[in-house]
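Since the structure comes first, as structure tokens, the remarks are kept for the end.
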Amino acid sequence: MPCNGWGKSITLIVGEEKLGMSNIYRVGLDKNPANYTPLTPLTFLARSAYIYPEVVSVIHGQRRYNWQQTFTRCRQLASALVAHGVGEGDTVAAMLNNTPEMIECHFGVPVIGAVLNTLNTRLDAETIAFMLEHGEARVLITDREYSSTVRKALAACRREILVIDVDDPEYSGPGDRLGTHEYEQFIAAGSPDFPWRGPEDEWDAISLNYTSGTTGNPKGVVYHHRGAYLNSMSNIVSWGMPPHSVYLWTLPMFHCNGWCFVWTMAANAGTNVCLRRVDPKLIFDAMREHAVTHYCGAPIVHSLMASSPAELRAGISQKVCGLIAAAPPPAAVIEAMANIGIDLTHVYGLTETYGPAAVCAKHGDWSSRPLAEQVELNGRQGVRYHAQEGITVLDPVSMVAVPWDRETMGEIMFRGNLVMKGYLKNPKATEESFAGGWYHTGDLAVMHSDGYVKIKDRSKDVIISGGENISSIEVEDVLYKHPAVIAAAVVATPDPTWGEVPCAFLELREGCTVSEQEVIEFCRQHMARFKVPKRVVICTLPKTSTGKIQKYVLREQAKSSAAIE
């Protein structure tokens, strides 16, 4: 047998077979239980409970749990779900605030092979009902605060769903119990010794997250155990989190599984400080009381903190690190945060990339540069996370990389383990999003000379307001239901608080009149309040010769009007 000179044999096989090469490192060196285990973030919890059982894992009001107690509660939840017939491939939905129960769902649900679907608590009943139906939820774990919305959603569902109520002692507002089970009683019936096992295949689904797209109905983004494991670790490495960090939950855990930080904190063996709602006073009080070191949030969270009275921000002596996503942080926010000892890092990602999959990695000399230059440098979307294989800007048609000239625009694309499995029950959208072997974000950007990505515009008609996606078509569908409206177009308009908000341009039927406030009130009756247009303009809509509304004209008009105001 001829040799190629590198110690490898080459065999030429004729006919239907092809040239083959043997590899000495693939002979007798196979996977086995001793050298291979599928990756899953479930192992982080078991490890922390074993090594640091007495370290505080969760703080919520008067409640305190250590890692051993959290591990036990998660095993009880898993056991109780199995006792009620929940198993591999079943969906368990959660309509919860940032509470211990939500943390426990992130471990107790996937350990039995089920898939966790965290629901946005700001959504309306119709949208929640769609998600429960589309995701085929078997169980819904819901906070009493949302009983009014959940009751309507359940009434619209055609499937039987086991409802488990969470009655958080920190909540004293209105709301009813809807199910036959209360959470604490439910898990009390479960075994604290329930076997803790990972998936047989790390490609198995671990969670389902819905995101608004360019169509009215949300798309179901499916995460796998491998991606969740790797992004959880990347959060630590890419951010430089030291062990036993104290993390404040200002970011909703329902949003991309809290950017995977629920699992990250178990790997870190740190402390989760829970908050039911975002309020500057509560945030700064928690930072002082619990010596918080890390937190994440959309620009609105940081703006609220930066604009708070000085007395609220006083007395924080420890260094606090914050991650900010979506719109680049304004200079005033960076400066205000620096003055109170908070160091901001800009990250970028989408629901389809497990939350942040890129970071504006800082260089040592940036902090010594003028503030304006710091803002420009830190406001970029940056470079790939450690566990992501690639982020680039390509021409979406030719799939050729754009030059690093800060001017040539292309589409931001991701590749690697921090990209979703795909869209649930939507093969067409999945195939389109992965065209050419890259995930297409729909965001238009340029490449800087140092290889850092900078967003310039959005190709999708999605409005990102306070970190939440709003489908313009979904809002338009509601506007078209108004009897006076003959044509509607919704675009983003800049907003100093939320980053951007919906602006509606309406063309009315002949002889009809309607005021801006009447339109806004109409929308409030048919959708979640954060989706309601903040501005309404009555006009003749610009159209092409074929009758298509020219949204780019309206976007420029909305930007110009906002600038004047």
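The values are calculated or read from the model by the stated rules, or taken from the named source; none is laboratory data. Here the structure is a predicted model, which is why all the values come from computation and not from measurement. Here the Cβ positions follow ideal geometry from the backbone for every residue, glycine too, while neighbour counts run over all protein chains shown. Heavy atoms of the whole protein, side chains included, go into the accessibility calculation; ligands, DNA and RNA do not. Shrake-Rupley method; radii C 1.70, N 1.55, O 1.52, S 1.80 Å.
Numbers at a glance
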read-out	value
Condition check for Y223: touching a residue at least 40 places away in the same chain (Cβ under 8 Å), outside any helix (DSSP H, G or I) and buried (at least 24 other Cβ atoms within 10 Å of the Cβ)	yes
When residues of the stretch 49-63 are limited to those that are farther than 24 Å from N97 by Cα and of a type in the set (S, T, Y), the one least open to solvent (accessible area, probe 1.4 Å)	Y52
Residues that are open to solvent by 40 Å² or more (accessible area, probe 1.4 Å) and part of a loop (DSSP other than H, G, I, E, B), drawn from the stretch 151-161	R158, R159, E160
Filter result (out of contact with any Cys (no Cβ under 6 Å at 6 or more places or on another chain), under 24 Å from V462 (Cβ atoms) and part of a helix (DSSP H, G or I)) within the stretch 229-258	C256, N257, G258
Filter result (within 23 Å of E468 (Cβ to Cβ) and open to solvent by 40 Å² or more (accessible area, probe 1.4 Å)) within the stretch 517-552	E521, R524, Q525, H526, R529, K534, R535
In the stretch 232-259, residue farthest from V347 (Cα to Cα) [restricted to those that are polar (S, T, N, Q) and in contact with a Ser or Thr (Cβ under 8 Å, 6 or more places away or on another chain)]	S245
Subset of the stretch 132-146 (residues that are over 22 Å from R277 (Cβ atoms) and either surrounded by 24 or more Cβ atoms within 10 Å (Cβ to Cβ) or not basic (K, R) (or both))	L132, E133, H134, G135, E136, A137, V139
Meets criteria (open to solvent by 20 Å² or more (accessible area, probe 1.4 Å), on the phi > 0 side of the Ramachandran plot and not aromatic (F, W, Y)) for R406	yes
Some residue of the stretch 187-202 being over 23 Å from the mean Cα position of the chain (by Cα), of a type in the set (K, R) and assigned to a loop (DSSP other than H, G, I, E, B)	yes
Within the stretch 371-403, tally of residues that are under 18 Å from S449 (Cβ atoms) and either in a strand (DSSP E or B) or at pLDDT 95 or above (or both)	10
Total residues in the stretch 438-450, condition open to solvent by 50 Å² or more (accessible area, probe 1.4 Å) and not charged (D, E, K, R)	1
Any chance S57 is among the hydroxyl-bearing types (S, T, Y), closer than 19 Å to C260 by Cβ and touching a residue at least 60 places away in the same chain (Cβ under 8 Å)	yes
Search result, residues across the stretch 189-205 that are touching a residue at least 24 places away in the same chain (Cβ under 8 Å) and open to solvent by less than 70 Å² (accessible area, probe 1.4 Å)	G190, S191, P192, F194, W196, G198, P199, E202, D204, A205
Which numbered condition S245 fails, given (1) surrounded by 22 or more Cβ atoms within 10 Å (Cβ to Cβ); (2) under 25 Å from I59 (Cβ atoms); (3) of a type in the set (S, T, Y); (4) in contact with a strand residue (DSSP E or B) (Cβ under 8 Å, 6 or more places away or on another chain)	(1)
Failed condition for V82, given (1) within 30 Å of I470 (Cβ to Cβ); (2) among the β-branched types (V, I, T); (3) in contact with a helix residue (DSSP H, G or I) (Cβ under 9 Å, 6 or more places away or on another chain)	(1)
Strands (runs of 3 or more DSSP E) lying entirely in the stretch 25-98 (those with 2 or more residues that are under 23 Å from P199 (Cα atoms))	91-95
Matching entry among A298, A314, A310 (being over 11 Å from M337 (Cβ atoms) and either touching a strand residue (DSSP E or B) at 6+ places or on another chain (Cβ under 7 Å) or buried (at least 21 other Cβ atoms within 10 Å of the Cβ) (or both))	A298
Filtered residues of the stretch 376-390 (kept if open to solvent by 30 Å² or more (accessible area, probe 1.4 Å) and touching a residue at least 40 places away in the same chain (Cβ under 8 Å))	V383, H386
Hits in the stretch 107-131 (condition: out of contact with any strand residue (DSSP E or B) (no Cβ under 6 Å at 6 or more places or on another chain) and part of a helix (DSSP H, G or I))	F107, G108, V111, I112, A125, E126, T127, I128, A129, F130
Verdict on V514 being open to solvent by less than 40 Å² (accessible area, probe 1.4 Å), of a type outside the set (K, R) and within 32 Å of the chain's Cα centre (by Cα)	no
Candidate set from the stretch 469-488 (those that are part of a strand (DSSP E or B) and closer than 18 Å to R529 by Cα); member that is nearest to the chain's Cα centre (by Cα)	N469
Test set (1) open to solvent by 10 Å² or more (accessible area, probe 1.4 Å); (2) closer than 25 Å to S303 by Cα; (3) at pLDDT below 85 - I470 fails condition number	(1)
Given (1) open to solvent by less than 10 Å² (accessible area, probe 1.4 Å); (2) in a helix (DSSP H, G or I), index of the condition I164 fails	(2)
